[in-house]
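Here is the structure we will look at, set down as structure tokens.
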Amino acid sequence: MTTPLPAAPEDRLPDAAVPKLSRGVRTRWDEARETHMLLAPERALRLDAIAAAILAETDGERSFAAIVDVLAEKYAAPREQIAVDARKLLVDLMDKRMMEVVR
Amino acid sequence: MNVQTALPEGTRVRRVPAPMAMLAELTYRCPLKCPYCSNPLEMSKRSEELSTEQWAEVLRQAARMGVLHVHFSGGEPAARRDLEELLSVAVEAGLYTNLITSGVGLTEARVKDLSARGLDHIQLSVQGTDASTADLIGGYRGGFEHKMKVAAWIAAEGIPLTVNAVMHRRNLDRTAETIDLAVRLGARRIEVAHTQIHGWAYVNRASLMPTREQVDACSAIVDEARERLKGTLVIDYVPPDHHAKYPKACMGGWGRVGLNVTPSGKVLPCHAAESIPHLVFDNVKDKPLAAIWADGAAFNAYRGTDWMPELCRTCDRKEVDWGGCRCQAMAYAGDASATDPACIKSPHHVRMQELALTEAADVPPDYVYRTM
């Protein structure tokens, strides 16, 4: 039996795709622990500053490319690096069924 | 009497990390009679249940002390007519809300109302993949058919769904079908959980105990399905203690991650903690939740690593599994501060495994159903 190769991250989440946190998944500032958290069914994930910044721009309106543009401008960072980090985070959340592509 | 909100002036509260999650057991009442019910053998009655106002205050206190997730549970939480009202209090307090239900007691109108009020997530239990098996296990005729309707109402509302499947010798050979059912119902997640042999399950353990072969087959099916269903269904797997080498980090560690409030307001470190006879539990009617969490005798009895026997204290897994399950130590070793007998290093480990193998080899006796 052969296992098909998993789809590349660029195919799972192309530049034009619009990602959004699924219903029942949200971020919030956690006063008690002084950190950003991602809350999902049976999960609470501590977000570092970079992940929190990426998710703050993932609003269900912007395409992936637009998200990267906003982040590159806001943080004056190289676009290529941001694209790699952001795609890694968002595809990982897709695998966990916390993120979906709305169009 | 109301819920306590403040301590006498000058009282010092110990500083411990805030709990992440609270299990709110709204009632022990339940139409189902599952032979592995995790509620205590002695259950409080409806007349002893906290009022709507008392629960509302507990929810607000929980949010203030740093709880992130609240799990409405029971019994069957839908048996409380004020479930919707309490949900709204929790949503307003900023809590992530989860409803753990059998589905019985929910109607289409109630599911719509819960959704509109902002319910974040539902966990729906399934006892089997066909009506006759499921209803035999749950002890409630028509339960399976109703659950299927409830799942459709949940899907229509778009509320994220987890299917809870408790596995044991009577349904383990249907693991693959159970996972398929979860996909069909549109669940994002399934918990494939081997029965925890506590509470009522301890009474029924001979009819629940799986064979080694059943457990191995189930684990293999889960491994395969996890890969195949990536991005469709997340599978959380709870392996059985009786066939394990090392214990689980029960509750993520005693008094470390979560707390449990019973229908009458007792605050427990774990829902089965009342099976440890010498522990005394504080009640939200007498003390604020934060003080109970930090300073309550029951919480500090097995918190951290200082209480551990030599065997655990010198073990490099002590902060991996936090000594395992105290209730299991109580049940099999007769001592709640003993090493969990699920651990290969426990002197009771072999006896627990042998008992499991003997019980699994026998013809399963009929279920002993609990009655309210």
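In the set (1) in contact (Cβ under 8 Å) with a residue 12 or more places away in the chain; (2) not in a loop (DSSP other than H, G, I, E, B), B:Gly103 fails one condition alone, (2). The residue that is farthest from the other protein chains (Cβ to nearest Cβ), counting only those in segment A:28-64 that are small (Gly, Ala, Ser) and exposed (fewer than 15 other Cβ atoms within 10 Å of the Cβ), is A:Ala49.
Looking only at residues of segment A:9-26 that are part of a helix (DSSP H, G or I) and exposed (fewer than 15 other Cβ atoms within 10 Å of the Cβ), we find that the one that is nearest to the other protein chains (Cβ to nearest Cβ) is A:Asp11.
Selection of segment B:213-244 for residues being at pLDDT below 90 and more than 14 Å from chain A (Cβ to nearest Cβ) yields B:Pro239, B:Pro240, B:Asp241, B:His242, B:His243, B:Ala244.
Of all positions in segment B:55-67, none carries a residue that is touching a residue at least 12 places away in the same chain (Cβ under 8 Å), out of contact with any Ser or Thr (no Cβ under 8 Å at 6 or more places or on another chain), crowded, with 18+ Cβ neighbours inside 10 Å and of a type in the set (S, T, N, Q). In summary, helices (runs of 4 or more DSSP H) completely within segment B:275-329 and bearing 2 or more residues that are closer than 19 Å to B:Ala63 by Cα and of a type outside the set (A, V, I, L, M) occur at B:289-295. Take B:Ala301 and decide whether it is within 28 Å of B:Met43 (Cβ to Cβ) and surrounded by fewer than 17 Cβ atoms within 10 Å (Cβ to Cβ). For B:Ala301, the condition - within 28 Å of B:Met43 (Cβ to Cβ) and surrounded by fewer than 17 Cβ atoms within 10 Å (Cβ to Cβ) - is not met.
Out of B:Gly296, B:Gly258, report the one residue that is farther than 17 Å from B:Met330 by Cβ and either crowded, with 23+ Cβ neighbours inside 10 Å or of a type in the set (S, T, N, Q) (or both). Please lay out each step first, then the result.
Working: B:Gly258 fails: either crowded, with 23+ Cβ neighbours inside 10 Å or of a type in the set (S, T, N, Q) (or both).
Selected residue: B:Gly296, the only one of B:Gly296, B:Gly258 that is farther than 17 Å from B:Met330 by Cβ and either crowded, with 23+ Cβ neighbours inside 10 Å or of a type in the set (S, T, N, Q) (or both).
Of the residues B:Glu84, B:Glu57, B:Glu53, which is in a helix (DSSP H, G or I) and within 23 Å of B:Asn164 (Cα to Cα)? Talk me through it step by step, then tell me what you get.
Numbers: B:Glu57 fails: within 23 Å of B:Asn164 (Cα to Cα); B:Glu53 fails: within 23 Å of B:Asn164 (Cα to Cα).
The match here is B:Glu84.
Residues in segment B:78-88: is at least one farther than 25 Å from B:Leu172 by Cβ, within 14 Å of another protein chain (Cβ to nearest Cβ) and out of contact with any Lys or Arg (no Cβ under 9 Å at 6 or more places or on another chain)? Scanning segment B:78-88, I find no residue that is farther than 25 Å from B:Leu172 by Cβ, within 14 Å of another protein chain (Cβ to nearest Cβ) and out of contact with any Lys or Arg (no Cβ under 9 Å at 6 or more places or on another chain), so the answer is no.
The values are calculated or read from the model by the stated rules, or taken from the named source; none is laboratory data. Please read all numbers here as calculations on a predicted model, not as lab measurements. Methodologically, a virtual Cβ is constructed for each residue, glycine included, from the backbone with ideal geometry; neighbour enumeration extends over all protein chains shown.
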